[in-house]
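Beneath this line is the structure, given in structure tokens, with notes to follow.
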Amino acid sequence: MITFEKISAENLYIVKEMVRSNPDYNELENGKRERTEEEIMGDVFRPETESYLIKADDTYIGWLDYMPENKKDGKPWLGLLMIHGDYQGYGYGTSAYYAFEQLLAADKIICLRLGILDQNEKAIRFWERNGFTAYGKAQLSGRPVTCYEKQLSPAPTK
């Protein structure tokens with residue numbers, strides 16, 4: 001079963017391990033294979049986002065960063081879904097995403113957006129396979145990003 005645990009100073013060491021296990025992503029995103037503790041803390045503890053550890057039963061498998069409302073467009077955005085390198089390729093990313101989507105539906109969120117660096121072909125395939133469609137282009141630190149959106153089904157009312 002997939003669950004989510006809010007990230008705090010006490011469990012930040014788990015996020016650091018997630019980041020260390022993904023050197024290729026770090027290089028793609030930040031131009032270097034490793035991130036400093038300060039950089040990780042800056043990503044995790046932003047006031048406009050909520051950051052969660054992803055657990056499969058009792059094992060920490062990933063990190064999710066969510067922005068309930070992007071001030072630029074008023075929409076919710078998924079900033080990051082990172083699975084620990086040891087657990088990639090086993091369907092955990094898909095399971096984690098759909099578990100999170102169920103939480104959004106329960107909160108009556110009907111649309112979710114995300115941005116993907118154009119050179120991140122693995123992420124593009126993943127998100128398109130999970131129902132996201134491209135709707136626009138943007139820049140992130142001078143690099144091209146494609147913006148994606150998915151219409152979510154609201155949770156059934158009882």
| said: Which numbered condition in (1) part of a strand (DSSP E or B); (2) open to solvent by 40 Å² or more (accessible area, probe 1.4 Å) is the only one that I54 fails? | reply: (2)
| Before we move on, is E101 surrounded by 14 or more Cβ atoms within 10 Å (Cβ to Cβ) and among the charged types (D, E, K, R)? | yes
| query | Within the stretch 104-132, restricting attention to residues that are among the charged types (D, E, K, R) and within 22 Å of T49 (Cβ to Cβ), which residue is surrounded by the most Cβ atoms within 10 Å (Cβ to Cβ)? | reply | R113
| In the list Y135, Y92, Y148, which residue meets the criterion of being of a type in the set (F, W, Y) and surrounded by fewer than 16 Cβ atoms within 10 Å (Cβ to Cβ)? | Y135
| task | Name, by its number, the condition in (1) modelled with pLDDT under 95; (2) of a type outside the set (K, R); (3) part of a loop (DSSP other than H, G, I, E, B) that does not hold for L12. | result | (3)
| field | Scope the stretch 15-51; condition of a type in the set (G, A, S) and either farther than 15 Å from G85 by Cβ or not in a loop (DSSP other than H, G, I, E, B) (or both); matching residues | value | G31, G42, S51
| message | Residues that are under 21 Å from V15 (Cα atoms) and either of a type in the set (D, E, K, R) or modelled with pLDDT under 95 (or both): does the stretch 58-67 have at least one? | response | yes
| query | Do the conditions hold for D73, that is, is it in a loop (DSSP other than H, G, I, E, B), out of contact with any Asp or Glu (no Cβ under 9 Å at 6 or more places or on another chain) and touching a residue at least 12 places away in the same chain (Cβ under 8 Å)? | reply | yes
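The values are calculated or read from the model by the stated rules, or taken from the named source; none is laboratory data. The model shown is predicted, which means the values in this text are computed figures rather than measured ones. Glycine also receives a Cβ, built like all others from the backbone with ideal geometry; neighbour counts cover every protein chain displayed. Ligands, DNA and RNA are excluded from the accessible area calculation, which covers all protein heavy atoms including side chains. Shrake-Rupley method; radii C 1.70, N 1.55, O 1.52, S 1.80 Å.
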